[in-house]
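Here's the structure we're looking at; comments come further down.
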Amino acid sequence: MTLCTGNVARSVMLGHMLSTLSASNDAHWHLRSAGTHVIEGSAMSGRTRDALLSVDELGEHHYGAHRSHQVDEEDVEWATVLLCAEADHVKFVRRHFAAHANKAVSLHQFVRFAPLDNPFAEQLATVVAMEPDASFDVEDPAGGDDATYRACARTLWELAQAFVTIVGD
């Protein structure tokens, strides 16, 4: 599961990116995205869509079907891992879904600190044990211009590729 604040930008972009990468690697991951403070049912912004379209490697997708979703107990129970855009999202999961706190990590911290060549469960446990660090946040593009959204998409694309490389299938 990918997680951000409003589920209309970062988690949406990352979800599409991971879906594309898993399909191209025949991994067939099941992905969901959600937010910590959502207006339920909102479409992704036009800037989010345009940022996704600016990543040539993603190809053409139909991005209009997305509707924002507030993370809930069913989501965190379903998920193997919650890839969070910010340290505050990890803290949100730990506060509101304590029984599943061992699934929530900052994506950037995971990419930076997960031990290579270890089984996924060990990689996840290593990063979960760390204090969420805001210096690894993927900046929220909300309120920014097209260039801000494109920069966010490029950052997420790099992190998504690294994540897939680290965890394999």
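The values are calculated or read from the model by the stated rules, or taken from the named source; none is laboratory data. These figures come from a predicted structure and were not determined experimentally. As a convention, Cβ positions derive from the backbone with ideal geometry for all residues, glycine included, and neighbour counts pool all protein chains shown.
Before moving on, here are some points about what is shown:
- All told, V71 meets the bar of being among the aliphatic types (A, V, I, L, M), in contact with a strand residue (DSSP E or B) (Cβ under 7 Å, 6 or more places away or on another chain) and either more than 24 Å from D146 (Cα to Cα) or modelled with pLDDT under 90 (or both).
- Residue within the stretch 15-36 that is within 14 Å of F163 (Cα to Cα) and touching a strand residue (DSSP E or B) at 6+ places or on another chain (Cβ under 6 Å) present: yes
- In the set (1) hydrophobic (A, V, I, L, M, F, W, C); (2) under 18 Å from the mean Cα position of the chain (by Cα); (3) closer than 28 Å to H28 by Cβ, A151 fails one condition alone, (3).
- The residue of the stretch 11-33 that is farthest from V90 (Cα to Cα), among those that are surrounded by fewer than 22 Cβ atoms within 10 Å (Cβ to Cβ), hydrophobic (A, V, I, L, M, F, W, C) and in contact (Cβ under 8 Å) with a residue 12 or more places away in the chain, is A27.
- Here the stretch 150-169 is the region considered, the condition is being buried (at least 21 other Cβ atoms within 10 Å of the Cβ) and not aromatic (F, W, Y), and the residue that is nearest to V81 (Cα to Cα) is A160.
- Single residue of the stretch 34-59 satisfying the filter (more than 18 Å from the chain's Cα centre (by Cα) and free of Cβ contacts under 8 Å to residues at least 24 places away in the same chain) that is nearest to A9 (Cα to Cα): G46
- Of all residues in the stretch 90-124, those being touching a residue at least 60 places away in the same chain (Cβ under 8 Å) and under 21 Å from W157 (Cβ atoms) number 1.
- Every residue from the stretch 23-42 that is of a type in the set (S, T, N, Q) and either touching a His at 6+ places or on another chain (Cβ under 6 Å) or within 14 Å of T2 (Cα to Cα) (or both): S33, T36
- Condition broken by G6, with the remaining ones in (1) surrounded by fewer than 20 Cβ atoms within 10 Å (Cβ to Cβ); (2) assigned to a loop (DSSP other than H, G, I, E, B); (3) small (G, A, S); (4) under 15 Å from the mean Cα position of the chain (by Cα) satisfied: (1)
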